[in-house]
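Written out below as structure tokens is the structure these notes cover.
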Amino acid sequence: MNQRCVYSLEIPFIHTRKERQMTISHPSPRIMRKATAIIKSGGIIAFPTETVYGLGADAFNPLAVARIFEAKNRPLFDPLIVHIANLAQMSQLASRVDKRAGRLAGRFWPGPLTLVLPKNELVPDIVTAGLDTVAVRMPDHLIALDLIHRSGTPIAAPSANRFGYISPTKAAHVLEQLGERVDMIIDGGDCTVGVESTIVKLDGDRNIILRPGGVPIEEIEAMIGPAERVTETEKKPEAPGQFPSHYSPTVPVQLADNIRDIDFSRPDAGFLLFRKPDFDVPLERTEILSIDGDLKEAAANLFSALHLLDKMKIRVIVAEPVPENGLGIAIMDRLRKAARREIGGVDYSS
């Protein structure tokens with residue numbers, strides 16, 4: 001079994017198929033050079049973005065991209081998002097960029113917005129799951145942008161976790177879920193947005209929200225007009241995060257209708273609350289997303305709170321709903337999908 005190590009910057013990184021050791025490294029020019037070499041040689045790297053940690057490979061190397069699917073146990077029919085460092089790279093990926101895409105990119109890039117556009121034929125089918133569209137985003141994180149720039153290629157990168165489980169917002173989350181399945185983990189600290197990007201498909205005259213995320217839908221509609229919402233599918237997805245069940249901890253999640261309906265006396269339950277309540281709760285089994293009920297703070301803390309609750313000796317996580325406006329739409333999307341997971345043949349969503 002490969003030994004798992006957390007490296008300081010002084011310890012050399014070993015990257016061979018026979019003798020590979022894990023590394024979590026704060027970035028330095030030396031670390032970034034090593035990361036670039038891994039990407040260029042067909043390796044896969046976990047790296048931070050402002051949304052969640054991504055698991056990246058050269059988007060134009062089908063064999064490298066295949067390693068992402070293998071490491072995550074991700075189905076091949078689920079397309080990936082391709083990350084770019086500058087607008088010039090968009091022409092490598094998209095065959096056409098209309099005015100709406102230009103307006104959205106100009107307003108929200110770099111940032112937590114993904115655009116689904118007609119794809120350039122050079123993009124490997126494994127990246128797009130055979131679709132004639134490609135999902136593109138420019139992350140708002142210096143490490144991510146530096147890695148893409150140094151590598152000289154767009155980087156395909158889904159979240160760096162096991163498929164269907166809680167997304168990682170810390171390097172430690174990646175190490176826990178994927179371990180030696182990846183060649184390197186770059187530690188950039190906690191992700192500031194904390195939920196994945198909003199995904200918008202521009203299809204003819206239609207504006208379609210395929211996934212709510214880090215850019216509020218209201219802000220997108222203010223730029224390009226009303227948008228349809230097609231955020232779930234039982235069939236072949238057009239974008240990541242569209243399965244009805246997703247983002248799930250190993251402990252079942254139940255959504256409460258109201259905080260007053262929650263039975264806090266349950267000894268087998270952990271609790272996920274939006275804001276600090278005006279009554280006592282079991283603090284050792286309770287995570288509060290935002291003391292004052294700030295949706296931006298709640299989104300940033302969502303996945304970390306679920307990771308903490310998932311490690312407790314409990315049988316269920318009872319979650320309080322948040323207001324469904326702004327980032328609250330993305331938070332409730334994640335909680336509803338987490339609550340729909342069937343564990344051991346039992347549906348805990350009701």
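The values are calculated or read from the model by the stated rules, or taken from the named source; none is laboratory data. The structure presented is a predicted model; accordingly, all values stated were derived computationally and were not measured. Cβ atoms come from the backbone with ideal geometry, glycine included; neighbour counts cover every protein chain shown.
Taking the stretch 156-176 as the range and being surrounded by fewer than 21 Cβ atoms within 10 Å (Cβ to Cβ) and either outside the structural domain of Ala66 (by TED's automatic domain parsing) or not basic (Lys, Arg) (or both) as the test, the residues that pass are Phe163, Gly164, Ala172, Glu176. For the stretch 235-266, residues that are within 18 Å of Val195 (Cβ to Cβ) and modelled with pLDDT of 85 or more total 3.
Scanning the stretch 177-206 for residues that are over 25 Å from Asn73 (Cβ atoms), surrounded by 20 or more Cβ atoms within 10 Å (Cβ to Cβ) and either in contact with a Gly (Cβ under 8 Å, 6 or more places away or on another chain) or not basic (Lys, Arg) (or both) returns Val193, Thr198, Val200, Leu202. On inspection, Thr153 does not qualify as within 16 Å of the chain's Cα centre (by Cα), not aromatic (Phe, Trp, Tyr) and not assigned by TED's automatic domain parsing to the domain that holds Leu306. Just the residues that are among the polar types (S, T, N, Q) and either touching a Gly at 6+ places or on another chain (Cβ under 9 Å) or part of a loop (DSSP other than H, G, I, E, B) (or both), please, taken from the stretch 254-293. Within the stretch 254-293, Asn258, Ser265, Thr286, Ser290 qualify.
Screening Arg107, Arg96 for residues that are in a helix (DSSP H, G or I), closer than 19 Å to Asn207 by Cβ and either in contact with a Leu (Cβ under 7 Å, 6 or more places away or on another chain) or in the same structural domain as Leu147 (by TED's automatic domain parsing) (or both) leaves exactly one candidate, Arg107.
Looking across the stretch 72-89, just one residue is over 14 Å from the mean Cα position of the chain (by Cα) and surrounded by 23 or more Cβ atoms within 10 Å (Cβ to Cβ), and that is Ile84.
Residues of the stretch 65-84 include none that is closer than 25 Å to Met184 by Cβ, among the polar types (S, T, N, Q) and at pLDDT 95 or above. All of Ile208, Ile199, Ile185 fail the test of being part of a strand (DSSP E or B), more than 19 Å from Glu238 (Cβ to Cβ) and in the same structural domain as Ala71 (by TED's automatic domain parsing), apart from Ile185. Checking Arg150 against (1) closer than 21 Å to Pro27 by Cβ; (2) of a type in the set (Lys, Arg); (3) part of a strand (DSSP E or B), only one condition comes out false. Which one? Every listed condition holds for Arg150 apart from (3). For the condition out of contact with any Cys (no Cβ under 8 Å at 6 or more places or on another chain), at pLDDT 95 or above, surrounded by fewer than 22 Cβ atoms within 10 Å (Cβ to Cβ) and within 19 Å of Leu306 (Cα to Cα), Ala269 qualifies. Consider the stretch 90-100. How many of its residues are surrounded by 20 or more Cβ atoms within 10 Å (Cβ to Cβ) and modelled with pLDDT under 95? Qualifying residue count, the stretch 90-100: 1.
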